[in-house]
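What follows is calculated from the coordinates using simple rules that are stated; it is not laboratory data. This is a predicted model, so every value here is computed, not measured. Using ideal geometry, Cβ is built from the backbone for each residue, glycine included, and neighbour counts are taken over all protein chains shown.
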Amino acid sequence: MSSTKDEKDMSNRREFFQGVTSGAAGMAMLAAVTQLGVPVLNAAQGGEAKPDAKPKSKQAESSFFRNPPPWPKGTEGHKYDHLFSTKLRENSMVPDIVPGPQAYFRGDSDLPGAKINMGWQILTKPYVMERESHHHDVDEYLFFLGASFPDLVGSFDAEIEFFVGPEFERHIINQATVFYVPAGLEHNPSDFRKVGKPLFFSALQLAPYFNSVYQTMGYMAMKTGNKIDLKGNPIK
């Protein structure tokens with residue numbers, strides 16, 4: 001293989017990874033390429049023939065899709081309406097520290113058949129979120145990020161004391177972090193003891209609804225929440 005071809009391949013790969021980070025769909029494609037390898041990229045680049053595409057607009061597009069199929073005309077109907085949920089808004093339980101409204105996806109309660117539940121919270125002041133440890137029978141992921149767009153990593157300005165395991169191993173989170181909590185692993189208490197800038201916290205649990213086994217309270221579950229509309233009115 002010639003050095004010229006090697007350089008061209010590397011250039012193509014750089015362009016691909018730059019384009020693929022432009023949106024959620026791009027991130028999904030990135031995951032696919034990570035698992036399946038470069039042939040996915042080669043297949044996506046396609047041949048020379050170029051079918052009719054959606055008319056160009058001023059909206060930015062990913063540079064990854066160089067030879068897409070024709071833009072679909074689509075059909076009208078309601079066959080898949082049940083797969084969409086827009087009822088995410090809920091009032092905050094501690095509005096002076098975690099300003100509301102907040103956003104929660106309550107899993108199976110919001111979309112029957114869903115296998116995950118998660119929430120999105122913005123903290124503006126120090127806050128003791130959990131006072132005792134607990135565990136789940138499924139995996140969980142905790143996201144600690146800054147809340148200033150566009151840099152959710154660089155805008156992180158907080159210090160969180162967090163305990164893990166039955167021995168209460170102490171950790172200090174002082175930069176943007178994702179914490180993987182395997183099923184059965186004890187975790188918490190947690191103290192958001194310094195919040196210099198607004199902080200984004202999200203918990204994703206691989207269960208139809210939130211459930212935990214706490215030290216003193218035992219099993220607890222939250223299957224639904226009180227949803228509100230954009231004006232703050234309750235909705236079903």
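Which of (1) surrounded by fewer than 15 Cβ atoms within 10 Å (Cβ to Cβ); (2) free of Cβ contacts under 8 Å to residues at least 60 places away in the same chain; (3) of a type in the set (Gly, Ala, Ser) does ALA147 not meet, given it meets every other one?
Evaluating ALA147 over (1) surrounded by fewer than 15 Cβ atoms within 10 Å (Cβ to Cβ); (2) free of Cβ contacts under 8 Å to residues at least 60 places away in the same chain; (3) of a type in the set (Gly, Ala, Ser) leaves (1) as the failure.
Of all the strands (runs of 3 or more DSSP E) wholly in the range 151-236, which have at least 1 residues that are over 22 Å from ARG106 (Cβ atoms) and among the small types (Gly, Ala, Ser)?
By residue number, 158-164.
Which is touching a strand residue (DSSP E or B) at 6+ places or on another chain (Cβ under 6 Å) and surrounded by fewer than 17 Cβ atoms within 10 Å (Cβ to Cβ), of ALA103, ALA60?
That would be ALA103, the only listed residue that is touching a strand residue (DSSP E or B) at 6+ places or on another chain (Cβ under 6 Å) and surrounded by fewer than 17 Cβ atoms within 10 Å (Cβ to Cβ).
Taking the range 200-232 on its own, how many of its residues are more than 25 Å from LYS87 (Cβ to Cβ) and either basic (Lys, Arg) or in contact with a Ser or Thr (Cβ under 8 Å, 6 or more places away or on another chain) (or both)?
So the answer is 3.
Residue by residue through the range 64-115, note down the ones that are touching a residue at least 24 places away in the same chain (Cβ under 8 Å), among the hydrophobic types (A, V, I, L, M, F, W, C) and within 30 Å of LYS194 (Cα to Cα).
Scanning the range 64-115 gives LEU88, VAL94, ILE97, VAL98.
Among the residues of the range 159-183, write down those that are within 22 Å of the chain's Cα centre (by Cα) and not β-branched (Val, Ile, Thr).
Those that are within 22 Å of the chain's Cα centre (by Cα) and not β-branched (Val, Ile, Thr): GLU159, PHE162, ASN174, GLN175, ALA176, PHE179, TYR180, PRO182, ALA183.
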